[in-house]
Amino acid sequence: MPEPVIARITRAGKKFEIFVYPDKAYQFKEGKKVDVRSILAVEGIFTDARKSEVAPSSELKRAFGTTDLYSIAETILREGEVQLTAEYRKKLQEEKIRWIINYIHKNFVDPQTDLPHPISRIEKAMKEAKVRIDPMKDPEQQVKEVLDQLRKILPLKTGLVKMVVTVPSSAWAKARSLLLGQGNIISEKWSDDGEKVTLVAEV
């Protein structure tokens, strides 16, 4: 279990802090379902966590409208700031970099060969382009910016294949579900009589 860190928020002119486990706190902030009880390293709301100064109930009520520990902790985690250690921040950044590199490797190819770029080449290009990855931001939200920077150094073309499928209307739902499981549906066109539908997807 990683060392606990402080999560804090300022409400009604007062600072409120809790001790949390950084890995679980970060998962919560990413929107994953995590029990708040498992995130809290210490069950208490503080005005100064390092000095163990407990927040008075009256201040909690004024700032949050409740004195319930878990409800307040959720608010702090959702709206406040989690103070990460340098070591944990580096770990998160490395995970994001690895995710982005693998994403590019799987979804883009060298237009000259139509083959994926080796992971080592993508890594080298990211260093040459001086790509910066935000450890606190979802990697999916950073891919476009990374690709824009990489294209100055590395030729990239999407490796997705376009698939066109025409099915009777009775099979539309099943076909759509199968295609969505493999990629993205670009368009759907129904026949004039409504008996058939043509789906175009990238897989």
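The values are calculated or read from the model by the stated rules, or taken from the named source; none is laboratory data. Because the structure is a prediction, the values reported are computed rather than measured. Here the Cβ positions follow ideal geometry from the backbone for every residue, glycine too, while neighbour counts run over all protein chains shown.
Being touching a Leu at 6+ places or on another chain (Cβ under 6 Å) and not hydrophobic (A, V, I, L, M, F, W, C) is true for just one of Thr67, Thr85. Which residue is that?
When all the criteria are applied, what remains is Thr67.
If Val197 satisfies every condition in (1) out of contact with any helix residue (DSSP H, G or I) (no Cβ under 9 Å at 6 or more places or on another chain); (2) modelled with pLDDT of 85 or more but one, which is the exception?
(1)
If I filter the range 146-160 down to residues being surrounded by 15 or more Cβ atoms within 10 Å (Cβ to Cβ) and under 22 Å from the mean Cα position of the chain (by Cα), which single residue comes out as nearest to Arg89 (Cα to Cα)?
Val146
Tell me, yes or no, whether the range 161-178 has at least one residue that is within 22 Å of Thr113 (Cβ to Cβ) and either within 25 Å of the chain's Cα centre (by Cα) or surrounded by 15 or more Cβ atoms within 10 Å (Cβ to Cβ) (or both).
No, the conditions are met nowhere in the range 161-178.
Scan the range 43-69 residue by residue and report those that are in contact with a Ser or Thr (Cβ under 7 Å, 6 or more places away or on another chain) and either at pLDDT below 95 or surrounded by fewer than 19 Cβ atoms within 10 Å (Cβ to Cβ) (or both).
Passing the criteria: Glu53, Ser57, Lys61, Thr67.
What helices (runs of 4 or more DSSP H) lie completely within the range 27-117 and have 2 or more residues being closer than 23 Å to Val146 by Cβ?
Output list reads 86-107.
Go through (1) assigned to a strand (DSSP E or B); (2) within 30 Å of Ile122 (Cα to Cα); (3) of a type outside the set (A, V, I, L, M) one by one and return the number of the condition Pro155 breaks.
All conditions pass for Pro155, except number (1).
Within the range 40-48, is there a residue that is in contact with a helix residue (DSSP H, G or I) (Cβ under 8 Å, 6 or more places away or on another chain) and either in the same structural domain as Asp138 (by TED's automatic domain parsing) or among the β-branched types (Val, Ile, Thr) (or both)?
Scanning the range 40-48 turns up at least one residue that is in contact with a helix residue (DSSP H, G or I) (Cβ under 8 Å, 6 or more places away or on another chain) and either in the same structural domain as Asp138 (by TED's automatic domain parsing) or among the β-branched types (Val, Ile, Thr) (or both).
Please work out if Lys124 is among the basic types (Lys, Arg), over 30 Å from Val197 (Cα atoms) and either modelled with pLDDT of 95 or more or part of a helix (DSSP H, G or I) (or both).
Yes.
Could you run through the range 30-40 and say how many residues are touching a residue at least 12 places away in the same chain (Cβ under 8 Å) and surrounded by fewer than 19 Cβ atoms within 10 Å (Cβ to Cβ)? Show your work before the answer.
Taking the range 30-40 and keeping what is touching a residue at least 12 places away in the same chain (Cβ under 8 Å), we get 30, 36-40.
Now restrict to residues that are surrounded by fewer than 19 Cβ atoms within 10 Å (Cβ to Cβ): 30, 37-38.
Counting residues in the range 30-40 that are touching a residue at least 12 places away in the same chain (Cβ under 8 Å) and surrounded by fewer than 19 Cβ atoms within 10 Å (Cβ to Cβ) gives 3.
Just one of Met163, Met136 is more than 29 Å from Arg98 (Cβ to Cβ) and in contact (Cβ under 8 Å) with a residue 40 or more places away in the chain; which is it?
Unique residue meeting the criteria: Met163.
Can you report the number of residues in the range 12-25 which are within 15 Å of Glu79 (Cβ to Cβ), surrounded by 12 or more Cβ atoms within 10 Å (Cβ to Cβ) and out of contact with any Gly (no Cβ under 9 Å at 6 or more places or on another chain)?
Initially, the range 12-25 is screened for residues within 15 Å of Glu79 (Cβ to Cβ), giving 12, 14-18, 20, 25.
So of that shortlist, the ones also surrounded by 12 or more Cβ atoms within 10 Å (Cβ to Cβ) come out as 14-18, 20, 25.
Cutting the leftovers down to out of contact with any Gly (no Cβ under 9 Å at 6 or more places or on another chain) gives us 14-15, 20, 25.
Of the residues in that region, 4 qualify.
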